[in-house]
């Protein structure tokens, strides 16, 4: 592995991560060390789960939610369901609900009858998990994901796949560990953020079904890259600074974004992120890159680089669109400042 100014670069694809003493994923290198794989179990024999349901999720089914609720009951726990009508409604209801843990007398009938909330379950996609995780972090509660979104990138990393049955089993098992939260200016993220290529790819894939084979992914990659207009930017990753005009700029805490494993080297609790960007990528190059990423066979190098860092800035970015955990956000200022590792959240995992 080569180094540039103290920042790690050029990681290999196809690596693994460890969660709860198990290795998930496959490949040639393991990027975890020491005790990073230890999980922590909830101490409560019972418990009270706050279940947040996003009924507008791409793959929402009542049957999946019913299976979750039945499993919670069988595990000896209780649950309270919230079904907000909007994203902001979900965030507000989650935050208001967990505040009852600090003020039991004002918690309403749910906490009076069933006790304080001991965990949160986000039923939806990456955006739903992101919002619910903000409340979980504030209340120091573990959170799980019932994967009902289009891509379920966060759940895929935590559980190894997007099986609803597997997610339910892990949520009710109660094993959790702390994972990193990044801050992109004032916006928290758990999975990944991206400029240029990733927002364009995400928009294409939300209009059509994600392809099942490498050739289809290569076509989407070429289209996404062609839609990006590169401009000169200043990038700073910890102490390392450079000028570039990237088509692709990603910061990954977890492996997946928009269905692609950009960074299987990601370790979810090491207080670092993988920073991925190109040094002048053409649509044909993006086609090859996307196909190789899908197959887990891409080796980062000089053309498309991978660095690791904790403090990242990129400018100018005003007016550009940021992908953030399955949402697209217009950037109102010229400087995007990203900090990793100052905050963490407990997450149920394998």
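The values are calculated or read from the model by the stated rules, or taken from the named source; none is laboratory data. Values in this document were obtained by computation on a predicted structure and should not be read as measured data. Neighbour counts run over all protein chains shown; Cβ positions are idealised from the backbone, glycine included.
Structure notes:
- Pick from the stretch 258-276, criterion touching a strand residue (DSSP E or B) at 6+ places or on another chain (Cβ under 7 Å) and assigned to a strand (DSSP E or B), ranking: nearest to residue 206 (Cα to Cα): 276
- The set of residues in the stretch 321-350 being outside any strand (DSSP E or B) and more than 22 Å from residue 259 (Cβ to Cβ) consists of 331, 332, 333, 334, 335.
- Condition met for residue 284 (modelled with pLDDT under 95 and surrounded by 16 or more Cβ atoms within 10 Å (Cβ to Cβ)): no
Residues checked against (1) at negative phi; (2) assigned by TED's automatic domain parsing to the domain that holds residue 88; (3) crowded, with 22+ Cβ neighbours inside 10 Å:
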{"position": "128", "(1), (2), (3)": "yes, yes, yes"}
{"position": "150", "(1), (2), (3)": "yes, yes, no"}
{"position": "203", "(1), (2), (3)": "yes, no, no"}
{"position": "222", "(1), (2), (3)": "yes, no, no"}
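Okay, residues lined up against (1) surrounded by fewer than 18 Cβ atoms within 10 Å (Cβ to Cβ); (2) at pLDDT below 95; (3) not assigned by TED's automatic domain parsing to the domain that holds residue 139:
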position: 298; (1), (2), (3): no, yes, yes
position: 302; (1), (2), (3): yes, yes, yes
position: 306; (1), (2), (3): no, no, yes
position: 309; (1), (2), (3): no, no, yes
position: 313; (1), (2), (3): yes, no, yes
position: 318; (1), (2), (3): yes, no, yes
position: 330; (1), (2), (3): yes, no, yes
position: 333; (1), (2), (3): yes, no, yes
position: 338; (1), (2), (3): no, no, yes
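- Among the residues here, residue 182 does not qualify as touching a strand residue (DSSP E or B) at 6+ places or on another chain (Cβ under 7 Å), surrounded by 20 or more Cβ atoms within 10 Å (Cβ to Cβ) and at positive phi.
- 1 or more residues within 30 Å of residue 315 (Cβ to Cβ) and within 21 Å of the chain's Cα centre (by Cα): qualifying strands (runs of 3 or more DSSP E) within the stretch 147-257: 175-184, 187-189, 192-196, 233-237, 248-252
- Residues in the stretch 278-320 that are over 21 Å from residue 214 (Cα atoms) and part of a strand (DSSP E or B): 10 in all.
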